[in-house]
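Heads up: the structure comes next, in structure tokens.
Read-outs: derived from the displayed coordinates by stated rules, not from any lab. A quick note: this is a predicted structure, and the numbers were derived from the prediction, not measured.
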Amino acid sequence: MKALLSSKPVLWFLFLFNLVVAAAAPFVVDGAQGVATAVGMGVVSLGAGSALLKGRKEGQHAV
């Protein structure tokens, strides 16, 4: 299961989808719930983005 979640297409989806939701959440959901949603989705997006960068750096070292 871990190999599926760490594949590039899944990481790109997680990064972009969560980034869009994090940007839109404060405008769609009012108050603290919107801010909490934005922070949570932002953290997931940053995690996926860092995994993409980590895989990219490891790929460059392997060449």
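Our estimate of slack between ALA36 and VAL20, defined as 0.36 nm per intervening residue step minus the Cα-Cα distance, is 4.3 nm. Compared with the alpha-carbon gap, the fully stretched path from LYS54 to ALA3 is longer by 16.9 nm at 0.36 nm per residue. Viscosity 0.692 mPa s, temperature 37 °C: give me the Stokes-Einstein translational D for the chain in µm²/s, with Rh taken as the Kirkwood radius over C-alpha pairs. Rounded, D is 262 µm²/s.
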